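Working notes, beginning with the structure itself.
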Amino acid sequence: MEPFILLRLAEAPAYGYQLHKLMGELGFRRAAEDPSRVYKVLHDLEALGYLTSSWSMGDNGPARRT
């Protein structure tokens, strides 16, 4: 799943829920059933220095970590 997430993030910033939906569409059943798997991968990739995140305010709703 990591290469797919990194490829998607190389195209444009995204937040966890967007990536969770995409992983489900790509056939990652475990990620589709349990969104926490995507968030764990994102956290691990950030800890390894492969990506960075920041908080952004949405037009509607709560802040999102992109």
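The values are calculated or read from the model by the stated rules, or taken from the named source; none is laboratory data. This structure is a prediction, so every number in the text was calculated from the model and none was measured. Positions of Cβ are backbone-derived with ideal geometry, glycine not excepted, and every protein chain shown enters the neighbour counts. Just so you know, the surface numbers come from the protein's heavy atoms only, side chains and all, with ligands and any DNA or RNA stripped out. Shrake-Rupley method; radii C 1.70, N 1.55, O 1.52, S 1.80 Å.
Worth a mention:
- Placing +1 on the Cβ of every Lys and Arg and -1 on the Cβ of every Asp and Glu, with nothing else charged, gives the chain a dipole about its Cα centre of roughly 100 debye.
- Probe 1.4 Å, all protein chains present, accessible-area order of Met23, Met57, Met1, largest first: Met57, Met1, Met23
- Solvent exposure of the chain as accessible area per residue, Å², 1.4 Å probe: 74
- Here the Kirkwood formula, the inverse mean of 1/r across different C-alpha pairs, assigns the chain a hydrodynamic radius of 12.1 Å.
- Whole-percent carbon and sulfur share, accessible surface of the chain, 1.4 Å: 54
- Under the criterion of Cα pairs below 8 Å and six or more residues apart, the relative contact order for the chain equals 28 percent.
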